[in-house]
Amino acid sequence: MSVFHDLTIGDHRLMCPVCGKAPRDKTMGVTILDEQHGIAHCFRCGYVESRREQRELTPAERKAFAQRMEALRRNHDAEQRQRQAEAAASAAVRWVSAQPAHDHQYLRAKGIQAHGTRIEGNALMVPLRDTSGQLHSLQFIAADGAKLFMPGGRTRGCYHAIGKPAGKLVIVEGFATGATVHEQTGHAVAVAFNAGNLLPVARALRSKFPCIDLVLAADDDWKTDGNPGLTAATEAAKAVGGLLAVPNFTGLPRGDKDTDFNDLHRLAGAVEVTA
Ligand SMILES: [Zn+2]
């Protein structure tokens, strides 16, 4: 793919062809020096594309290139911080206006308690906080289980805590999985919300609790290429000196979508989370 097509000489911010979601999602900086020389770099996923023809750049040109890209990155970071601050402010208002959850169709469907979630309209709201307890964003879960984050809100390194850590802390992907793990084992749980956030959350919790046993309770995405859940949990466990727990469906009538400890609980009744 070429992102250089139709771009004029100068600096640009564009949607990334790899991780971009919409044209206004401008996470990629593009610096074009002349017809033959350009570089594109996504500040979110790291995708890089360069156009280099005929002659090598001089050291001075190379340095100027790097400085322009750095300026684009600073713009991007400042915009992202601004969006995240706006989302956090809006999350705070919506959170205090919402009612503590007692009963919701999703909780009933998953056979779990509310664990500090709230209700807004028909949605179950799960808060995303950093290690200092600061609220950054919200996840909305509809009655049918469809999940949505606040646009622009920070996710990275944020989690929803269930229970107080005492010696052991279990990190999971989803709220229902976390609720089940806490209810079945009594261990404190951090819900990281997605596989890509397991590592940032594990690192943040390792800094906050240097001496605690961290357990990564994996989603076993057995029908998905590359098993993203198990792969990410394994990596995160390694990175923070943690343990890995994988749901064991042996001998159970496992469906294609049965991947996590909540699914295991619904099939098997009691659940052990052994690392
Ligand atoms: Zn990207």
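The values are calculated or read from the model by the stated rules, or taken from the named source; none is laboratory data. Note that the structure is a prediction, hence the values are computed from the model and not measured. Every residue, glycine among them, receives a Cβ derived from its backbone with ideal geometry; neighbour counts consider all protein chains shown. Keep in mind that these areas ignore ligands, DNA and RNA; they rest on the heavy atoms of the full protein, side chains included. Shrake-Rupley method; radii C 1.70, N 1.55, O 1.52, S 1.80 Å.
Pull out a ≥ b ≥ c, the square roots of the eigenvalues of the alpha-carbon gyration tensor of segment 215-272, then state rounded if a/c is under 1.5, prolate if not and a/b is larger than b/c, and oblate in the remaining case.
Cα axes put segment 215-272 in the oblate bin.
What FRET efficiency comes out for GLU86 versus ALA268 if R0 is 51 angstrom and r is the Cβ-Cβ distance? Round to the nearest 0.05. Could the numbers behind the result be given before it?
Working: r = 44 Å, r/R0 = 0.86.
With R0 = 51 Å, the Cβ-Cβ based efficiency is 0.70.
What relative contact order, as a whole-number percentage, does the chain give when Cα pairs under 8 Å and 6 or more residues apart are counted?
10 percent
Computing the accessible area with a 1.4 Å probe over protein heavy atoms, can you report the carbon and sulfur percentage for segment 10-87?
The value for segment 10-87 is 50 percent carbon and sulfur by accessible area.
Have a look at segment 118-182 and give its Rg and Dmax from the Cα atoms, expressed in angstrom.
Considering segment 118-182 through its Cα atoms, Rg and Dmax are 12.3, 38 Å.
Nearest 5 percent is fine: what portion of the DSSP beta bridges confined to the chain is antiparallel?
So the antiparallel bridges in the chain amount to around 75 percent.
What is the dipole size for segment 10-87, taken about its Cα centre, with +1 at each Lys and Arg Cβ and -1 at each Asp and Glu Cβ, in debye to the nearest 20? If you can, show how the numbers build up before the last one.
Details: 15 positive and 12 negative charges, 52 e Å.
Once rounded to the nearest 20, the dipole reads 260 debye.
Once segment 1-157 is represented by equal point scatterers at the alpha-carbon sites, with solvent omitted, what log10 I(q)/I(0) does the Debye formula produce at q = 0.09, 0.11, 0.12, 0.16 Å⁻¹?
For the requested q values the scattering log ratios are -0.45, -0.60, -0.66, -0.89.
Just the accessible area per residue of the chain, please: how many Å² with a 1.4 Å probe?
Details: 14210 Å² over 275 residues.
Per-residue accessible area for the chain comes out at 52 Å².
Return the equivalent ellipsoid semi-axes of the chain as a descending list in whole Å, where each equals the square root of 5 times an eigenvalue of the C-alpha gyration tensor.
Values for the chain, descending: 40, 22, 18 Å.
Which length gain, in nm to one decimal place, applies between GLU79 and LYS238 when the Cα-Cα distance is subtracted from 0.36 nm times their residue separation?
53.9 nm
If contacts are Cα pairs under 8 angstrom and at least 6 residues apart, what is the relative contact order of segment 163-275 in percent?
Reported as a whole number, the value is 27 percent.
LEU216's amide H: which non-local residues (gap 5+, or another chain) put their own amide H closer than 5 Å, with H modeled 1.01 Å from N in plane and none for Pro or chain starts?
When sequence neighbours closer than 5 places are left aside, the close amide H contacts are ILE171, LEU243, LEU244, ALA245.
Starting from the exponent 0.38 and prefactor 2.2 Å, build the expected Rg for segment 10-87 from its residue count and divide its actual Cα Rg by it.
Normalised by 2.2 N^0.38 Å, the Cα Rg of segment 10-87 equals 1.17.
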